[in-house]
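Working notes for the structure below.
The values are calculated or read from the model by the stated rules, or taken from the named source; none is laboratory data. In this text, all values refer to a predicted model and were calculated from it rather than measured experimentally. Neighbour counts are summed over all protein chains in view; Cβ atoms, including those assigned to glycine, are modelled from backbone coordinates with ideal geometry.
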Amino acid sequence: MRSFQQKPHFLPMAAEVPFGTPDATGKTRIPAIQIKTSDGNTVAFSGRIDRIDVLETADGKKYFMIVDNKMSNKEVKQNSIVAGLQLQLPLYIRAARLGLDGYEAAGGLYQPIKDVLVASEDTDQINTQIDKELQTSGMILDEELVQEAAKPVRIARRLDTNDTVSAVSADEMYAVEDCAIGAVADRVTLIYRGEVSPKPVKDGMESPCTWCDHPNACKHDSTIPGCKIVEIDHKRRIEITQL
């Protein structure tokens, strides 16, 4: 809370913000994302953003930050976005761009929301563990002013070769958003063409089939030749320019 008292600092503007649908007053303040498919169709993509924080600097510049609440810790992975997963955050950023005139995108953050139990009576140890468990992650502009105003969030640019998206330039952020929109367009195109065969993707330790609610309708069987679960490799970044 002490960090929020510093100025300038990102402060909550609104929570549960709909885009593409009316808000509590009956007005659609943020339009739907219009996604065009390769077949020439247009799909209106709508949703609801957990929270939007805003920042106004002394020289009049305005920024917005998307905050997406999660039950567990998560990082933005470029290969997951390419595979059609983790589309939520970049699409929320693009939606806010369309609806918040005069604001620049500062990024999007995953905020863990969970109870943290620490088996200790040492105050410092308890606070350290809580900070670790509730550490915010995500994609943020690699600009000093934005980074300072987002404290206690600390996201540095990754210099390694894996696919984690962290501190980025404005152009890089826009490219990630475009990648997410492209992933939606590709899948909508397939649905229009009637191509709805199951193609599960494994992103992490757990198979997607373990939490699927429709195994009887899916009929996916990994024992059949050519019918397998695709596993995402996060060690090698798939560059967006390769798509």
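Structure summary
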quantity: Selection within segment 167-206 - touching a strand residue (DSSP E or B) at 6+ places or on another chain (Cβ under 6 Å) and over 25 Å from K74 (Cα atoms); calculated: V188
quantity: Enumeration of residues in segment 87-108 that are surrounded by fewer than 22 Cβ atoms within 10 Å (Cβ to Cβ) and on the phi > 0 side of the Ramachandran plot; calculated: G102
quantity: Counted residues, segment 203-226 - those being closer than 21 Å to I81 by Cα and surrounded by 10 or more Cβ atoms within 10 Å (Cβ to Cβ); calculated: 6
quantity: Filter result for L145 (surrounded by 12 or more Cβ atoms within 10 Å (Cβ to Cβ), touching a Ser or Thr at 6+ places or on another chain (Cβ under 7 Å) and within 30 Å of T57 (Cα to Cα)); calculated: yes
quantity: Residue check, D50 within 18 Å of the chain's Cα centre (by Cα) and of a type in the set (D, E); calculated: yes
quantity: The listed residue being surrounded by 15 or more Cβ atoms within 10 Å (Cβ to Cβ) and part of a loop (DSSP other than H, G, I, E, B), out of Q135, Q111, Q129; calculated: Q135
quantity: Selection within segment 216-243 - at pLDDT 75 or above and under 30 Å from the mean Cα position of the chain (by Cα); calculated: A217, C218, H220, C227, K228, I229, V230, E231, I232, D233, H234, K235
quantity: Close pairs from segment 118-136: first within 20 Å of A150 (Cβ to Cβ) and assigned by TED's automatic domain parsing to the domain that holds K70, partner surrounded by 12 or more Cβ atoms within 10 Å (Cβ to Cβ) and of a type in the set (S, T, Y), Cβ under 9 Å, at least 6 apart; calculated: T136/Y110
quantity: Residue in segment 144-154 that is within 27 Å of I238 (Cα to Cα), in contact (Cβ under 8 Å) with a residue 40 or more places away in the chain and in a loop (DSSP other than H, G, I, E, B) present; calculated: yes
